[in-house]
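All remarks here apply to the structure that follows.
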Amino acid sequence: MATKRLARQLGLIRRKSIAPANGNLGRSKSKQLFDYLIVIDFESTCWNDGKRHHSQEIIEFPAVLLNTSTGQIESEFQAYVQPQEHPILSEFCMELTGIKQAQVDEGVPLKICLSQFCKWIHKIQQQKNIIFATGVSEPSTSEVKLCAFVTWSDWDLGVCLEYECKRKQLLKPVFLNSWIDLRATYKLFYRRKPKGLSGALQEVGIEFSGREHSGLDDSRNTALLAWKMIRDGCVMKITRSLNKGPFLLPSWTWNSDLASGDQHAFLQQEFGCGTYRTLLRKPNISKQEKGNILWLTMLSKPQKNYSDCMLNTAS
């Protein structure tokens with residue numbers, strides 16, 4: 001017993017409690033690595049016929065922007081998406097999600113939805129000086145705000161969107177390649193396996209608000225849970241990344257209105273040599289540098305816009 005008591009005092013054993021070890025609910029908020037979190041929870045086509053369907057398609061694409069300092073949801077995105085492989089929703093799917101056939105019929109194809117989502121991302125980047133970063137181990141000390149994506153499990157970004165984009169040969173925005181699995185983070189932090197999102201909320205004293213299996217409501221409730229965990233002292237960290245390396249764009253690449261000559265001057269200043277082609281042939285060029293160069297190359301073409309560039313610099 002003495003050994004166990006000493007281990008607990010040294011912090012080597014966590015108490016099996018849903019509350020923080022210091023007992024100060026809502027007052028133990030730790031310094032976060034990310035200033036903002038974007039919570040995503042897709043709804044997709046589904047069936048209850050006992051067969052395995054490998055081609056689920058996104059039918060609702062929601063996202064909410066959570067400020068990790070205030071707990072406020074500062075912006076939201078939502079779009080209904082037309083399924084093309086299985087355009088008619090099953091009765092089970094409509095009953096589960098509350099999404100009607102008319103809503104997806106009037107929606108947009110996933111390719112257009114991704115473009116709209118990129119425009120929303122661009123807007124909040126400009127408004128709040130946000131960048132996306134992977135492998136962060138220290139909080140940002142600059143005016144730039146770091147942001148990460150959050151999902152409840154790896155399914156949304158690691159399975160659903162990943163394989164639908166591959167099947168349909170769509171270029172996925174590269175910033176969607178890294179995320180925080182809140183379910184795994186919850187299990188690790190509280191030392192308890194959650195019984196679904198609703199069960200996890202109930203365990204920490206939060207009542208689910210809205211309709212379960214509504215993508216936007218699920219996203220909002222996941223954000224509420226993330227904020228509760230932050231207040232309890234949990235530091236949010238990237239748990240999964242499909243990237244082989246970081247993809248960070250300097251803040252000046254956000255301005256798609258830069259003239260071609262200005263962009264070229266920026267490249268010379270940033271990388272120290274001449275043409276785009278020369279830059280791409282640099283020895284030992286990193287993926288980050290290559291991404292920045294390709295980004296500016298496309299921005300220098302008048303017909304390109306921000307969302308085109310986000311999709312074309314995707315994996």
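The values are calculated or read from the model by the stated rules, or taken from the named source; none is laboratory data. Note that the structure is a prediction, hence the values are computed from the model and not measured. All Cβ positions, glycine included, derive from the backbone under ideal geometry; neighbour counts span all protein chains shown. Ligands, DNA and RNA are excluded from the accessible area calculation, which covers all protein heavy atoms including side chains. Shrake-Rupley method; radii C 1.70, N 1.55, O 1.52, S 1.80 Å.
Quantify, in whole percent, the carbon and sulfur part of the accessible surface of region 34-239 (1.4 Å probe; protein heavy atoms only).
It is 47 percent, rounded to a whole number.
I'd like the distance between the alpha-carbon centres of region 123-195 and region 34-85, rounded to an integer number of Å.
Rounded to whole Å, the Cα centres lie 12 Å apart.
Report Leu89's accessible area, 1.4 Å probe, all protein chains in place, as a number in Å² to the nearest 10.
10 Å²
Give Lys128/Lys166; Lys31/Lys228; Lys123/Lys172; Lys119/Lys145 a once-over and call out the pairs whose C-alpha atoms are over 22 Å from each other.
Result: Lys128/Lys166 exceed 22 Å.
Remind me, relative contact order of region 34-239 in percent, using alpha carbon pairs under 8 angstrom and six or more residues apart?
RCO, region 34-239: 25 percent.
Given the protein chains as shown and a 1.4 Å probe, how many square angstrom of Ser30 are accessible, to the nearest 10?
40 Å²
For Trp155, Trp179, give me the order by solvent-accessible area with a 1.4 Å probe, most accessible first, ignoring ligands, DNA and RNA.
Heavy-atom accessible area, descending, gives Trp155, Trp179.
For a Förster distance of 22 Å, can you work out the FRET efficiency between the beta-carbons of Gln72 and Val108, rounded to the nearest 0.05?
My answer for the efficiency is 0.15.
What is the distance, in nm, between label points placed 7 Å from the Cα along the Cα-to-Cβ direction at Glu91 and at Gln169?
Between Glu91 and Gln169, the label points sit 3.8 nm apart.
As an exercise, find the ratio Rg/Rh for region 175-236 from alpha-carbon atoms, using the Kirkwood inverse-distance average for Rh.
Value, to two decimals: 0.95.
For region 34-239, count the residues as N, evaluate 2.2 N^0.38 Å, and divide the Cα radius of gyration by that value, please.
Cα Rg divided by the expected 2.2 N^0.38 Å: 1.01.
Among Gln103, Cys118, Ala148, whose Cα projects farthest towards the positive end of the dipole of region 88-208, with charges put on the beta-carbon of Lys, Arg (+1) and Asp, Glu (-1)?
Of Gln103, Cys118, Ala148, it is Ala148.
Say each of Lys31 and Glu212 gets a label point 7 Å from the Cα, pointing the same way as Cα to Cβ; how far apart are those two points in nm?
The modelled label-to-label distance comes out at 4.0 nm.
Place a +1 charge on the Cβ of each Lys and Arg in region 34-239 and a -1 charge on the Cβ of each Asp and Glu, then give the dipole magnitude about the Cα centre in debye, rounded to the nearest 20.
560 debye
Just subtract the alpha-carbon distance of Glu203 and Lys119 from 0.36 nm times their residue separation and send over the number in nm, one decimal.
Value of the extension gain: 26.6 nm.
From largest accessible area down, sort Arg240, Arg191; use a 1.4 Å probe on the protein chains.
Arg191, Arg240
Using Cα pairs under 8 angstrom and six or more residues apart, how large is the relative contact order of region 100-182, in percent?
Taking the mean separation of contacting Cα pairs over the length of region 100-182, I get 29 percent.
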